[in-house]
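Down below is the structure, laid out as structure tokens.
The values are calculated or read from the model by the stated rules, or taken from the named source; none is laboratory data. It should be emphasised that the depicted structure is a prediction, and the values quoted were computed from it without experimental measurement. A quick note on method: Cβ atoms are made from the backbone with ideal geometry, for glycine too, and the neighbour counts reach across all protein chains shown.
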Amino acid sequence: MNPKIFFTPGPAAIYPTVAQHTQNAFAEQIPSISHRSPAFQAIYQQTYENIREIFQLPDDYAVLFTGSATEVWERLLQNCVAHETFHLVNGSFSRRFYDFALLLNKMPHLHEVLWGQGFDLAQIEVPTNVEMICVTHNETSTGVSMPVADIHALKDRYPDKLLVVDMVSSAPIPMLDFTKIDAAYFSVQKAFGLPAGLGVWLVNRRCLEKAQTLEDQGQVTGTYHRLTNLWKSFEKFQTPPTPNVLGLYLLSKVTQDLLHKGIRQIRQETNTKAQLLYNAIEAMDGLEIFVKNPDHRSEVVVVANTQGNATELIQKLADQNMVIGSGYGQNKTSQIRVANFPATSLTEVEELLEIMQKTM
């Protein structure tokens, strides 16, 4: 029986080297080591150095670990905001960050456009009292990507605000300038091709200083995972509670694999596969690209409208071991989502499209 090939946007296809790394981890008894041990510190430090190289992080950045990227929403809101945030929303996940701000009794401002649309910077006005601007580089629910240049332009326009970026389904593909960003975060079960259960928070000292100020003013910023505590442990390459040690070990190995292959090459391959997907879908009867503006189309989550019930197409592909994602939320039965992560090869994308063309 042929193995399934996953084009789902998360959990996603496992990176090809993960199986061997997992065997090695158990052979070395990695899941049993103490998170206070030199062995764990070495894993953390290697992971930090790999991630720093991949993203070209400045010296004032820490790499912290949480249970998920969703948790980072809470951490940012509790540790870096006294009152007001500003949210660019064009899908379910960017909206959820806004909802978290409401739940934590902040005063969030909402700039929302229709699903499938990007943002016009000329229409964005951030109020004076806003402390943090929250943007999503790649909206997983809709396949809309915010141009990197627009993200940088926001920081240039509002240098006094903290700018935080959701990279959950796009890292490590976008080439962000981290001198213009104060924090970014992602989950390992998407483009990094790892099992779920680990969030990665890239955060600079400016955020740390804000957290310390809020603590000094008596604001509750959390407990074990408050930013000041996470940072203090990071300086020793440790974590406050026992973390996902196996996940961290696998992340250290996969990031090393990505660096060995070359991040530039991975980004070029991602672009090539994305263009192939969009061109093929545009030519297929029964499918229509959801994001109309090519400048706002995601390279890593390709979304298409279906003429009929998307479930039928998804099942036909699954019968041939090609697993794609359904639409999200309100679009579950009227759209498909095809992930284009580094774990899937050009040959596998071509095979998917050949089967889709015969199926449609």
- Counting only residues in region 31-60 that are more than 18 Å from Phe192 (Cβ to Cβ) and part of a helix (DSSP H, G or I), the one nearest to the chain's Cα centre (by Cα) is identified as Gln45
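Working only within region 297-320, note down all residues that are part of a loop (DSSP other than H, G, I, E, B) and free of Cβ contacts under 8 Å to residues at least 40 places away in the same chain.
From region 297-320, those part of a loop (DSSP other than H, G, I, E, B) are 298-300, 307-309, 319-320; that's our starting set.
Passing the criteria: Gln307, Gly308, Asn309, Asp319, Gln320.
Of all helices (runs of 4 or more DSSP H) completely enclosed by region 211-296, which ones contain at least 2 residues that are outside the structural domain of Trp201 (by TED's automatic domain parsing) and either of a type in the set (Val, Ile, Thr) or at pLDDT below 95 (or both)? Spell out how you get there, then give the answer.
Numbers: elements: 227-234, 245-261, 263-283.
Counting at least 2 such residues, we get 263-283.
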- Do we find that Ser92 is surrounded by fewer than 23 Cβ atoms within 10 Å (Cβ to Cβ) and under 14 Å from Asp166 (Cα atoms) in this structure? yes
- Message: Within region 86-100, does at least one residue satisfy the condition of being closer than 19 Å to Arg206 by Cβ and under 20 Å from the mean Cα position of the chain (by Cα)?
- Response: yes
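Would you confirm whether any residue within region 164-173 is surrounded by fewer than 23 Cβ atoms within 10 Å (Cβ to Cβ) and not assigned by TED's automatic domain parsing to the domain that holds Ser345? Can you show your working first?
Taking region 164-173 first, the residues surrounded by fewer than 23 Cβ atoms within 10 Å (Cβ to Cβ) are 172.
Filter once more, so that each one left must be not assigned by TED's automatic domain parsing to the domain that holds Ser345: 172.
Looking through region 164-173, at least one residue is surrounded by fewer than 23 Cβ atoms within 10 Å (Cβ to Cβ) and not assigned by TED's automatic domain parsing to the domain that holds Ser345.
Could you tell me how many of the residues in region 176-204 are in a loop (DSSP other than H, G, I, E, B) and either at positive phi or aromatic (Phe, Trp, Tyr) (or both)?
First, the residues of region 176-204 that are in a loop (DSSP other than H, G, I, E, B): 176-182, 188-198.
Those left that are additionally either at positive phi or aromatic (Phe, Trp, Tyr) (or both): 178, 192-193, 197.
The total comes to 4.
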- Message: Between Thr85, Thr66, Thr70, which is assigned by TED's automatic domain parsing to the domain that holds Gln212, closer than 30 Å to Leu102 by Cβ and surrounded by fewer than 17 Cβ atoms within 10 Å (Cβ to Cβ)?
- Response: Thr70
- Any pair with Cβ under 6 angstrom, 6 or more apart, that starts in region 236-250 at a residue that is over 17 Å from Glu49 (Cβ atoms) and ends at one that is crowded, with 17+ Cβ neighbours inside 10 Å and of a type in the set (S, T, N, Q): Pro240/Asn229; Pro240/Ser233
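Looking at region 110-131, can you tell me whether even one residue there is in contact (Cβ under 8 Å) with a residue 40 or more places away in the chain and part of a helix (DSSP H, G or I)? Explain how you work it out, then say what you get.
Applying the first criterion (in contact (Cβ under 8 Å) with a residue 40 or more places away in the chain) to region 110-131 yields 115-118, 126-127, 129-131.
The next check asks that each one be part of a helix (DSSP H, G or I); those that pass are none.
Checking region 110-131: not a single residue is in contact (Cβ under 8 Å) with a residue 40 or more places away in the chain and part of a helix (DSSP H, G or I).
Say whether the condition of being out of contact with any strand residue (DSSP E or B) (no Cβ under 9 Å at 6 or more places or on another chain), of a type in the set (Ser, Thr, Tyr) and within 20 Å of Gln189 (Cα to Cα) is met by at least one residue in region 53-73. Walk me through it before giving the result.
Residues of region 53-73 that are out of contact with any strand residue (DSSP E or B) (no Cβ under 9 Å at 6 or more places or on another chain), as a first pass: 53-54, 56, 59.
Imposing the further condition that a residue be of a type in the set (Ser, Thr, Tyr) reduces the set to none.
No; the residues of region 53-73 include none that is out of contact with any strand residue (DSSP E or B) (no Cβ under 9 Å at 6 or more places or on another chain), of a type in the set (Ser, Thr, Tyr) and within 20 Å of Gln189 (Cα to Cα).
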- Among (1) acidic (Asp, Glu); (2) in contact with a strand residue (DSSP E or B) (Cβ under 7 Å, 6 or more places away or on another chain); (3) surrounded by 13 or more Cβ atoms within 10 Å (Cβ to Cβ), which single condition is Glu269 missing? (2)
